[in-house]
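Below is one structure, written out as structure tokens; comments come after it.
The values are calculated or read from the model by the stated rules, or taken from the named source; none is laboratory data. Note that this is a predicted model, so its numbers are computed, not measured. In this analysis, Cβ positions are derived from the backbone assuming ideal geometry, glycine residues included, and neighbour counts consider all displayed protein chains.
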Amino acid sequence: SYVLTQPTSVSVSPGQTARITCSGDALPEKYSYWFQQKKSGQVPVMVIYEDTKRPSAIPERFSASSSGTTATLTISGAQVEDEADYYCYSIDPTGSYYVFGTGTKVTVL
Amino acid sequence: QVQLVESGGGTVQAGGSLRLACVASGLGLSDFGMHWVRQAPDKGLEWLALISHEGITKYAESVRGRFVISRDISTSTISLQLNGLRPDDTGVYYCAKPTALWGQGTLVTVSS
């Protein structure tokens with residue numbers, strides 16, 4: 001089955017840049033999306049859609065790129081309130097089902 | 001107000017069944033595809049199923065053949081029938097249009 005692979009954790013100090021990668025074979029052809037979940041059980045919030053687009057309600061410090069089989073979420077000048085779990089999301093190569101990435105815990109301290 | 005409200009969660013023994021429902025207020029189900037996503041305790045998000053605006057269904061391999069997604073456009077309700085439940089099906093089940101709107105989730109606990 002199709003897997004989107006993320007690092008388990010990323011840790012930065014406040015004001016530094018956090019980068020989270022998401023690797024998947026279909027990413028050159030399929031859009032990636034990024035979700036933030038501040039606490040397990042809280043409703044996820046989409047922070048990036050269609051590889052690079054940021055919803056209007058999301059702070060400008062969130063950005064993303066996609067190159068080849070890797071999508072990258074960047075938090076520039078990370079804030080303490082950005083501590084959360086982050087998941088990438090996409091569709092499998094055949095378009096048969098969707099997949100969330102393995103998830104990355106971002107710590108800002 | 002556009003919102004998704006899930007119901008139907010609860011505790012069931014292994015091998016049992018449950019039917020989850022999601023009422024989509026302010027959303028035309030014939031215009032949008034709707035998904036179910038779950039999260040096991042202290043685990044990541046897992047996509048489960050989709051019913052497209054045309055009524056086409058898709059499933060994750062982990063639930064294909066056990067779970068069935070359906071909809072009733074007249075009542076704006078999306079359902080997920082859970083059959084052959086196992087302890088590892090325990091978790092919070094979300095109804096979602098993932099890029100736009102999520103419900104608050106309903107907890108399913110499967111006891112062995």
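General observations
Results for (1) outside any strand (DSSP E or B); (2) surrounded by fewer than 22 Cβ atoms within 10 Å (Cβ to Cβ); (3) over 13 Å from the mean Cα position of the chain (by Cα); (4) more than 12 Å from chain A (Cβ to nearest Cβ), shown as yes or no for each residue.
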residue	(1), (2), (3), (4)
B:Leu80	no, no, no, yes
B:Leu85	yes, yes, yes, yes
B:Cys95	no, no, no, no
B:Gln104	yes, yes, no, no
B:Val110	no, yes, yes, yes
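- Hits in the stretch A:29-42 - residues which are under 19 Å from B:Gln39 (Cα atoms), more than 10 Å from chain B (Cβ to nearest Cβ) and either touching a helix residue (DSSP H, G or I) at 6+ places or on another chain (Cβ under 6 Å) or surrounded by 18 or more Cβ atoms within 10 Å (Cβ to Cβ) (or both): A:Trp34, A:Gln36
- From the options B:Leu20, B:Leu29, B:Leu85, B:Leu4, residue that is in contact with a Ser or Thr (Cβ under 8 Å, 6 or more places away or on another chain), at pLDDT below 95 and more than 20 Å from A:Tyr49 (Cα to Cα): B:Leu29
- Residue match in the stretch A:43-50 (condition: surrounded by 18 or more Cβ atoms within 10 Å (Cβ to Cβ), touching a residue at least 40 places away in the same chain (Cβ under 8 Å) and more than 14 Å from chain B (Cβ to nearest Cβ)): no
- Just one residue in the set A:Ala84, A:Ala78, A:Ala57 is within 26 Å of B:Thr106 (Cα to Cα), away from chain B (no Cβ under 11 Å) and small (Gly, Ala, Ser); that residue is A:Ala84.
- The residues in the stretch B:65-78 that are over 13 Å from B:Leu29 (Cα atoms) and assigned to a loop (DSSP other than H, G, I, E, B) can be counted, and the count is 2.
- The set of residues in the stretch B:5-55 being of a type outside the set (A, V, I, L, M, F, W, C), touching a residue at least 60 places away in the same chain (Cβ under 8 Å) and more than 23 Å from A:Trp34 (Cα to Cα) consists of B:Glu6, B:Ser7, B:Gly8, B:Gly9, B:Gly10, B:Thr11, B:Gln13, B:Gly15, B:Gly16, B:Ser17, B:Arg19.
- Residues of the stretch A:93-109 that turn out to be over 13 Å from the mean Cα position of the chain (by Cα) and either within 10 Å of another protein chain (Cβ to nearest Cβ) or at pLDDT 95 or above (or both), as a count: 6
- The condition of being part of a loop (DSSP other than H, G, I, E, B) and either within 14 Å of another protein chain (Cβ to nearest Cβ) or under 13 Å from A:Gln36 (Cβ atoms) (or both) does not hold for A:Ser90.
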